[in-house]
Amino acid sequence: MAMASTSSKIRFSLSSTQWFSLLFIVLLVVFAGLQWVLWLSENSYQTLLSLQQNIQQQQQTNQNLAQRNTKLANKVFAIKQTPQSVEAEARYELGMIKQNEVFYQWVDKP
């Protein structure tokens with residue numbers, strides 16, 4: 001008994017207009033997904049701008065701290081080099097006065 005070879009191939013034929021419509025829908029879905037990632041996801045453009053602003057603020061803070069560190073290093077160097085600078089710092093920072101010295105303070109009227 002010879003069986004006829006019947007293949008169960010499903011033929012999927014679309015016209016060129018249907019192919020373009022299908023391609024358009026696929027590309028539209030891909031485009032929408034990319035737009036969602038660009039504007040609404042955790043790694044969005046707004047997040048990038050926010051991080052750049054945070055970096056600028058941190059760089060400004062770092063610059064201010066570096067300037068302060070330089071001033072402090074200069075003070076430390078001056079104190080190590082000259083004893084008069086120790087006295088000047090004590091007078092300026094701590095309000096210290098010498099024995100038998102009178103301290104006068106002028107206050108501006110508000």
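What follows is calculated from the coordinates using simple rules that are stated; it is not laboratory data. The shown structure was predicted, so the numbers you read here are calculated from the model rather than taken from an experiment. So basically every Cβ, Gly included, is an ideal-geometry build from the backbone, and we count neighbours across all protein chains shown.
Report, in debye and to the nearest 20, how large the dipole of segment 30-94 comes out about its Cα centre when Lys and Arg carry +1 and Asp and Glu carry -1 on their Cβ.
With only Lys, Arg, Asp and Glu charged at Cβ, the dipole is about 240 debye.
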Write down, largest first, the equivalent ellipsoid semi-axes of the chain in whole Å, where each equals the square root of 5 times an eigenvalue of the alpha-carbon gyration tensor. 85, 19, 10
Cα-based helix-to-principal-axis angle, 83-94 vs the chain, degrees rounded to 10: 70
How large is the charge dipole for the chain, taken about the Cα centre, if only the Cβ atoms of Lys, Arg (+1) and Asp, Glu (-1) carry charge, to the nearest 20 debye? 340
Angle in degrees between helix 45-81 and the longest Cα principal axis of the chain, rounded to the nearest 10: 20
Based on the Cβ-Cβ distance from Glu87 to Asp108, what FRET efficiency comes out when R0 is 25 Å, to the nearest 0.05? 0.40
